[in-house]
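*Asks:* Mind having a look at this structure? Questions to follow.
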Amino acid sequence: IDDDSRIWVRGEVDETSLFGPCLRLDSTVSTTPGSCRLSLSETVTNLAGTRSEFELLYHTNIGRPLLEPGARLAAPARRVVPANHHAADGIDHWDLFGPPQAGYIEQCYFLELAADSEGRTLVVLTNQEATRGLALEFDLAPLPCFTLWKNTVHEADGYVAGIEPSTDLPNPREFERDQGRLMTLEPGESWSARIDLTLLLDESQVTEHIQRVAELTPESGSQLCREPQADCSRLD
């Protein structure tokens with residue numbers, strides 16, 4: 001507990017292998033009593049003597065009670081790209097969530113997000129009436145990619161929405177390397193990112209954050225791609 005009453009927990013995880021990577025993840029989760037915000041700060045350091053690739057995707061899963069039929073994601077997207085042809089079928093309602101459906105096949109969309117003058121962006125998931133929500137804020141420089149994972153299967157099987165900032169897209173590493181998205185660290189070099197999750201408890205808070213998203217969204221609106229794109233997915 002800090003002097004300013006911030007409560008935090010910190011951990012370290014090493015990923016090492018012979019002739020492989022030697023990376024250290026330093027992770028701190030913190031909050032202030034009475035607030036509705038949870039912050040995650042992480043640093044990855046290359047402990048090896050050679051350059052190392054690394055990937056991180058923050059698979060933030062949201063379910064009941066926030067996720068419900070008619071729930072919606074607000075995001076300042078420059079471009080929305082379906083991950084495959086199945087997802088392309090739902091591009092016109094990519095941001096809208098349906099009811100639990102047994103046998104539903106997941107749909108993924110890759111979003112190119114806009115940011116403010118400080119490089120900060122946010123997405124907001126709201127319930128149907130837009131009276132409750134969750135805002136997820138982060139810097140685009142360390143986390144330039146974003147995936148929306150819609151998995152509205154039967155509740156017994158995991159009715160959930162994934163809102164996922166990442167260093168690159170969730171494709172095979174070889175593909176991401178070819179696209180120039182795979183990040184690398186030199187010996188001793190570190191990468192850092194912070195994600196803030198804020199619970200929105202009433203309509204006014206939801207409206208305020210939705211307005212922030214609108215201010216970041218390009219005036220021309222979001223480009224909706226009706227087919228998977230070669231720079232985002234394998235098309236074979």
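The values are calculated or read from the model by the stated rules, or taken from the named source; none is laboratory data. Bear in mind that the values here come from a model prediction, so they are computed numbers and not experimental data. Don't worry about glycine lacking a Cβ; one is built from the backbone with ideal geometry, like all the others, and counts go over all protein chains shown. Note: areas computed on protein heavy atoms with side chains; ligands, DNA, RNA excluded. Shrake-Rupley method; radii C 1.70, N 1.55, O 1.52, S 1.80 Å.
*Asks:* Return the residue satisfying two criteria in turn: it lies in the stretch 194-222 and is in a strand (DSSP E or B) and open to solvent by 80 Å² or more (accessible area, probe 1.4 Å), and of such residues it is farthest from ARG37 (Cα to Cα).
*Replies:* ARG194
*Asks:* OK, next. Examine the stretch 29-40 for a residue that is in contact with a helix residue (DSSP H, G or I) (Cβ under 9 Å, 6 or more places away or on another chain), surrounded by fewer than 15 Cβ atoms within 10 Å (Cβ to Cβ) and either in contact (Cβ under 8 Å) with a residue 24 or more places away in the chain or more than 18 Å from GLU186 (Cβ to Cβ) (or both), and state whether such a residue exists.
*Replies:* Within the stretch 29-40, one or more residues are in contact with a helix residue (DSSP H, G or I) (Cβ under 9 Å, 6 or more places away or on another chain), surrounded by fewer than 15 Cβ atoms within 10 Å (Cβ to Cβ) and either in contact (Cβ under 8 Å) with a residue 24 or more places away in the chain or more than 18 Å from GLU186 (Cβ to Cβ) (or both).
*Asks:* Considering the stretch 191-204 alone, what residues qualify as being farther than 30 Å from SER52 by Cβ and touching a Leu at 6+ places or on another chain (Cβ under 9 Å)?
*Replies:* The answer is THR198, LEU199, LEU200.
*Asks:* Is the stretch 39-62 home to any residue that is of a type in the set (Asp, Glu) and either more than 30 Å from THR152 (Cα to Cα) or outside any loop (DSSP other than H, G, I, E, B) (or both)?
*Replies:* Looking for residues that are of a type in the set (Asp, Glu) and either more than 30 Å from THR152 (Cα to Cα) or outside any loop (DSSP other than H, G, I, E, B) (or both), one finds at least one in the stretch 39-62, hence yes.
*Asks:* Do we find a residue being polar (S, T, N, Q), assigned to a loop (DSSP other than H, G, I, E, B) and out of contact with any Gly (no Cβ under 8 Å at 6 or more places or on another chain) anywhere in the stretch 84-95?
*Replies:* yes
*Asks:* Another one. Only one residue in TYR104, TYR159 is among the hydroxyl-bearing types (Ser, Thr, Tyr) and either free of Cβ contacts under 8 Å to residues at least 12 places away in the same chain or buried (at least 18 other Cβ atoms within 10 Å of the Cβ) (or both). Which one?
*Replies:* The unique qualifying residue is TYR159.
*Asks:* Could you tell me how many of the residues in the stretch 64-77 are without any contact (Cβ under 8 Å) to a residue 60 or more places away in the chain and surrounded by 16 or more Cβ atoms within 10 Å (Cβ to Cβ)?
*Replies:* 1
*Asks:* Looking only at residues in the stretch 41-63 that are hydrophobic (A, V, I, L, M, F, W, C) and farther than 16 Å from LEU182 by Cα, which one is surrounded by the most Cβ atoms within 10 Å (Cβ to Cβ)?
*Replies:* Result: ILE62.
*Asks:* Would you mind telling me which numbered condition in (1) within 13 Å of the chain's Cα centre (by Cα); (2) over 25 Å from SER35 (Cα atoms) LEU134 fails?
*Replies:* Tallying (1) within 13 Å of the chain's Cα centre (by Cα); (2) over 25 Å from SER35 (Cα atoms), LEU134 fails exactly one: (2).
*Asks:* Does the stretch 108-156 hold any residues that are under 22 Å from PRO228 (Cα atoms), in a loop (DSSP other than H, G, I, E, B) and open to solvent by 20 Å² or more (accessible area, probe 1.4 Å), and which are they?
*Replies:* Answer for the stretch 108-156, where residues must be under 22 Å from PRO228 (Cα atoms), in a loop (DSSP other than H, G, I, E, B) and open to solvent by 20 Å² or more (accessible area, probe 1.4 Å): just PRO144.
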